[in-house]
Amino acid sequence: LWVIAPDSIFEKLGFRNGDTVTGINGNKLVDAGQAIRVLTSLKKAKNLAVDYQRGGSDKQMQIKVQ
């Protein structure tokens, strides 16, 4: 993720410039096509487990969709 604007949803969720999203709800994101398929499948999801890397460390964020 790059150029996260102040007060954007990404900043409010806790993401920072340079974070790399690697998976969502156990689905690995290996390329743009896979990312689109995963995002499309999550349209009605109420909870997301987002795997990402920050500074070389693996992390996970739980997001409740309202």
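No lab work stands behind these numbers, since they all come straight from the coordinates. Fair warning: this is a prediction, and the values are worked out from it, not measured in the lab.
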Listed by chain and number, the aspartates and glutamates with an alpha carbon less than 15 angstrom from that of Lys59, same-chain partners under 8 positions apart left out, are Asp19, Asp51
Once normalised by the length of the chain, the mean sequence separation of its alpha carbon contacts under 8 Å that are 6 or more apart gives a contact order in percent of 28
The alpha-carbon pair-distance distribution computed for the chain, with 10 angstrom bins and whole-percent values, is 20, 53, 27, 0
